[in-house]
Amino acid sequence: MDLETALRNNLITLARVYAAATGYKLSTISMRFASDSRFFDKLTKPKPIGFTIRVYVRAIAKFKASWPEGVAMPVIWEPDIPARGRQGRRLRR
């Protein structure tokens, strides 16, 4: 499985479990987590859309920050994506 497919599967898995746990529609979750009401729908099409690492990182951070209490978050594969500042500079730790 290539990296893009793995990351896409992570987003789809989190969105579906989040939807089941909260009762929200995927379109609502898409809007909140990716600022596009059809984002998760587009990820599941036979020819899915691409997305940037920035969109991925932001969506994962939003899922983690708002995950419902009492619901186990699915274990997903997370690549080591370095934190970057403006103009692609690494953030100092």
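The values are calculated or read from the model by the stated rules, or taken from the named source; none is laboratory data. Here the structure is a predicted model, which is why all the values come from computation and not from measurement. Heavy atoms of the whole protein, side chains included, go into the accessibility calculation; ligands, DNA and RNA do not. Shrake-Rupley method; radii C 1.70, N 1.55, O 1.52, S 1.80 Å.
Brief remarks on what is shown
- Surface composition of the range 1-64: carbon plus sulfur atoms hold 54% of the accessible area, using a 1.4 angstrom probe and ignoring ligands, DNA and RNA.
- A straight Cα-to-Cα reach below 22 Å connects residue 45 with the lysines 25, residues fewer than 8 places away in its own chain not being considered.
- Accessible surface, per residue, of the range 1-84 when the full set of protein chains is kept, probe 1.4 Å, Å²: 64
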